[in-house]
Amino acid sequence: MIWPSFFSRNPAPEADPALPLIAPIGEALVPTALQVDDPRRVLAVLRDLAMRAEPVTLYPGDGGTPQCGRLVQVVEPEGRVVLHVRAAQAPAAGGALVVAAPEGLRLQFQGDFAWQQQAGDLLAARAPLPASLLQLQRRRFTRQETPLGPTLRAVFQAKGKRRVLTVDDLSMGGVGLRGPLAEHRDLVAGLRLDRVRLELGSVVLMDLRLDLCSRRSYKSFLAGEQLHFGCEFVDLGEASQQAVQKVLARMGPGSGAGAFQDTAL
């Protein structure tokens, strides 16, 4: 793990007050965090942050003052991530920890940054794309984000309409679903979803019951206004539990999208 030297740092109050100062994920929280080291997933997470110009806090490895800024660009051909920071003077080039908190869910990665003066007090910090990142989990059960490539979905009827939502993540406790706001704005927290068909590559689970526990909206520059639903399994049978366990094992670090889609249970 590449994080320990940053765990105990106390953020300095001199950092840019216009943006929030985001604390790193502490040692006590590491057991509930997920190490993401699939390059495609790392790229997808950072691309999403850049599309929203997500606020970040950069902690220099030499113990210098934390810098608040935004993650503004992922340059895929060059394999670089770009941050913008407003400061009177550029920090020394070198290693730094970058912490973000999209939707209140902290994540962090380490990079080797070079600084360049832009207009006025605007600084650009560039670093190679990280090989991995650490992402804090909200759930009681550790979630696995679904691999890029195969379309994983949940199909069910609710409020008189057929619904098809994309599976964003999966755990033994439940599933995260995503769909367009325009199509699913009438789905609200507290709703019981019956007879759900969960399609997980070669694995299909039928007649599941889910409690819709949380709902949040966000805007994707590619897909527009989206809703994310956090759903909990209700009375998941033993056979379905075993199937979910095997799917999660195939979604673990190092498993590619093709392996996930093609490997039969």
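The values are calculated or read from the model by the stated rules, or taken from the named source; none is laboratory data. The model shown is predicted, which means the values in this text are computed figures rather than measured ones. Quick reminder, even Gly has a Cβ in these numbers, built from the backbone with ideal geometry, and neighbours come from all protein chains shown. Protein only, heavy atoms only, side chains kept; ligands, DNA and RNA dropped before computing areas. Shrake-Rupley method; radii C 1.70, N 1.55, O 1.52, S 1.80 Å.
Can you bin the range 96-236 into rounded, prolate or oblate? Criterion: square roots of the alpha carbon gyration tensor eigenvalues sorted a ≥ b ≥ c, rounded for a/c under 1.5, prolate for a/b above b/c, oblate for the rest. Note, shape of the range 96-236 comes out prolate. For R80, the amide hydrogen comes within under 5 Å of the amide hydrogens of V75, L129, counting only partners 5 or more places away or on other chains and with H modelled in the peptide plane.
Taking amide H as placed 1.01 Å from N in the peptide plane, L152 has its amide H under 5 Å from the amide H of V167, each at least 5 places away in sequence or on another chain.
Annotation: amide H-H contacts under 5 Å for L191 (H modelled 1.01 Å from N, sequence separation of 5 or more, or interchain): L212. Per residue, the range 145-242 exposes an accessible area of 49 Å² to a 1.4 Å probe, with every protein chain left in place. For the range 121-129, 3J(HN,Hα) computed residue by residue from phi via the Karplus equation (6.51, -1.76, 1.60; θ = phi - 60°) reads 9, 7, 10, 10, 10, 10, 8, x, 4 Hz, glycine and proline entered as x.
In order along the range 165-172, the Karplus-derived 3J(HN,Hα) couplings, from 6.51 cos²θ - 1.76 cosθ + 1.60 at θ = phi - 60°, round to 10, 7, 7, 8, 7, 9, 8, 5 Hz, and Gly and Pro are given as x.
Distance between the pseudo-spin-label points of F221 and Q245 (7 Å out from Cα toward the beta carbon): 4.3 nm.
Using C-alpha pairs below 8 Å separated by at least 6 residues, the relative contact order for the range 38-107 is 31 percent. Going by Cα centres, the range 52-90 and the range 222-247 are how many Å apart? Each part reduced to its Cα centre gives a spacing of 34 Å.
Length gained on full extension, K159 to R185: 8.2 nm, using 0.36 nm per residue less the C-alpha separation.
Please give the net charge around S240, taking every other residue with its beta carbon less than 13 angstrom from that of S240, where Lys and Arg add +1 and Asp and Glu add -1. Around S240, the surrounding residues sum to 0.
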